[in-house]
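The values are calculated or read from the model by the stated rules, or taken from the named source; none is laboratory data. Just so we're clear, the structure is a prediction, and the values are computed from it rather than from any experiment. Positions of Cβ are generated from backbone atoms using ideal geometry, with glycine treated the same way; all protein chains shown enter the neighbour counts. Just so you know, the surface numbers come from the protein's heavy atoms only, side chains and all, with ligands and any DNA or RNA stripped out. Shrake-Rupley method; radii C 1.70, N 1.55, O 1.52, S 1.80 Å.
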Amino acid sequence: LTGVLDDCLCDIESIDDFNTFKIFPKIQKLQERDYFRYYKVNLKRPCPFWADDGHCSIKDCHVEPCPESKIPVGIKAGSSNKYSKAANNSKELEDCEQANKLGAVNSTLSNQSKEAFIDWARYDDSQDHFCELDDERSPDAQYVDLLLNPERYTGYKGPSAWRVWNSIYEENCFKPRSVYRPLNPLAPSRVFSLVFVFFFWTGLCLEKRVFYKLISGLHASINLHLCANYLLEETWGKPRWGPNVKEFTRRFDPIETKGEGPRRLKNLYFLYLIELRALSKVAPYFERSVVDLYTGNGREDAESKALLLDIFRDTKSFHMHFDEKSMFAGDKKGAKSLKEEFRLHFKNISRIMDCVGCDKCRLWGKLQTQGLGTALKILFSEKEIQSLPENSPSKGFQLTRQEIVALVNAFGRLSTSIRELQNFKVLLQQTR
């Protein structure tokens with residue numbers, strides 16, 4: 001892969017260098033910090049679109065929840081509250097003070113009134129989200145240690161997996177140019193035939209092209225993770241995981257995929273640019289002194305924030321960002337309608353993640369979808385972010401801890417994908 005990407009002025013080589021030498025090492029370290037390694041998720045929500053066809057029984061599909069005793073004191077118990085309280089004994093704010101222990105962004109409040117909290121709660125309830133969010137208060141929601149449940153090939157495939165992606169592309173994606181579809185395991189005949197769906201870019205606006213590329217890029221990234229962390233052999237109960245060149249070729253080779261593989265990988269780079277842009281845009285939110293990545297360990301929290309701000313400085317130094325201002329730039333009525341259509345399509349895709357039959361695949365699918373949804377929320381909230389007050393929380397723009405964790409880990413997955421792609425290039429050259 002070389003050259004300039006479509007719909008932006010960035011070339012692949014620049015992204016490779018930037019990711020390898022600046023982003024990848026730092027984002028790996030950040031994901032290991034306590035604030036970012038624990039993610040609360042409900043893996044028992046029923047599929048809202050079709051009858052549950054059973055969960056994967058393969059042992060590698062299993063997700064091991066984190067024992068309560070292992071969760072840092074500042075994170076456990078979960079809460080939708082976003083503020084902590086450092087020095088106010090007002091009885092009216094006791095609930096907010098309790099939120100200090102619940103793992104959200106730790107912000108110091110001075111003379112805020114009860115009415116302000118009501119306003120913020122009302123705003124949060126009505127705020128546009130791009131994802132269907134899990135209810136963190138549900139008894140089925142559990143903390144998962146992401147480092148102990150890595151994303152990798154589990155053996156989950158066939159009709160259940162195909163149905164999820166088919167529903168995403170055929171029912172919830174804006175239709176682009178010709179798209180090659182894989183073997184259809186849902187076809188009635190035992191002899192599966194190749195399915196070709198022909199669409200064209202002609203007349204398809206930038207926003208709809210972007211939407212398709214985001215979903216295709218996410219799909220490509222997930223496939224890259226599976227190829228790079230594949231079960232190569234299991235002897236005496238000791239599995240060996242590593243890159244599978246044959247599987248990578250099957251999913252991305254131009255001949256094997258009828259020319260689609262390289263396009264999928266280009267969409268991965270495009271998705272990387274979108275989330276990179278979101279990180280650069282949200283930096284002012286975290287740069288404020290009132291924002292702390294709270295776990296209850298002061299030294300750990302300070303180091304985590306310093307590393308996050310260092311990554312933000314790198315993202316802002318990148319000189320070929322995607323220009324999101326080119327989106328939804330038409331007449332106000334048409335732009336507003338298109339933006340709402342864009343949001344609802346993506347929100348529906350986040351709901352489809354509850355139809356994934358493999359728990360580990362569902363975990364990472366939900367996290368990466370929420371991360372992308374958070375990135376979109378950031379890109380469409382530029383004015384609110386720019387007007388944030390320095391020394392107090394703002395009702396104009398807020399991120400929950402879950403959104404922050406998903407945003408960082410989702411971008412970390414994209415960074416890993418691009419790094420793994422470089423590894424596969426080397427492996428392919430060695431096999432020739």
* To do: Name every residue in region 280-298 that is open to solvent by 10 Å² or more (accessible area, probe 1.4 Å), in a helix (DSSP H, G or I) and in contact with a helix residue (DSSP H, G or I) (Cβ under 7 Å, 6 or more places away or on another chain), in order of residue number.
  => SER280, LYS281, PRO284, GLU287
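Taking region 335-389, which residues are outside any helix (DSSP H, G or I) and farther than 25 Å from CYS47 by Cβ? Can you show your working first?
Within region 335-389, the subset outside any helix (DSSP H, G or I) is 356-358, 380-381, 387-389.
Matches in region 335-389: PHE380, SER381, SER387, LEU388, PRO389.
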* **Qualifying positions in region 377-426 - more than 24 Å from the chain's Cα centre (by Cα) and open to solvent by less than 50 Å² (accessible area, probe 1.4 Å)** => LEU388, PRO389, SER392, PRO393, SER394
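Looking for something modelled with pLDDT under 85, touching a Ser or Thr at 6+ places or on another chain (Cβ under 8 Å) and not charged (D, E, K, R) - is there at least one such residue anywhere in region 394-405? I'd like the intermediate steps shown before the answer.
At the first step, the residues of region 394-405 found to be modelled with pLDDT under 85 are 394-396.
Still in the running and touching a Ser or Thr at 6+ places or on another chain (Cβ under 8 Å): 394, 396.
Next cut, not charged (D, E, K, R) only: 394, 396.
There is at least one residue in region 394-405 that is modelled with pLDDT under 85, touching a Ser or Thr at 6+ places or on another chain (Cβ under 8 Å) and not charged (D, E, K, R).
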* **Output for region 314-325, where each listed residue is basic (Lys, Arg), free of Cβ contacts under 8 Å to residues at least 12 places away in the same chain and under 12 Å from SER280 (Cα atoms)** => none
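Is there a residue in region 184-207 that is at pLDDT below 80, more than 27 Å from LEU308 (Cα to Cα), part of a helix (DSSP H, G or I) and not polar (S, T, N, Q)?
Going through region 184-207, the residues at pLDDT below 80 turn out to be 184-207.
Next, only the ones that are more than 27 Å from LEU308 (Cα to Cα) stay: 184-207.
Narrowing the set further to residues that are part of a helix (DSSP H, G or I) leaves 206-207.
Among the residues that remain, those that are also not polar (S, T, N, Q) are: 206-207.
The answer is yes; a qualifying residue exists.
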* Would you mention how many residues in region 1-20 are of a type in the set (Val, Ile, Thr), out of contact with any strand residue (DSSP E or B) (no Cβ under 8 Å at 6 or more places or on another chain) and open to solvent by 30 Å² or more (accessible area, probe 1.4 Å)? => 1
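One line per residue, one yes/no per condition, for (1) surrounded by 18 or more Cβ atoms within 10 Å (Cβ to Cβ); (2) at pLDDT below 85; (3) in contact with a His (Cβ under 6 Å, 6 or more places away or on another chain):
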{"position": "GLU115", "(1), (2), (3)": "no, yes, no"}
{"position": "HIS129", "(1), (2), (3)": "no, yes, no"}
{"position": "ASP134", "(1), (2), (3)": "yes, yes, no"}
{"position": "ARG137", "(1), (2), (3)": "no, yes, no"}
{"position": "LEU146", "(1), (2), (3)": "yes, no, no"}
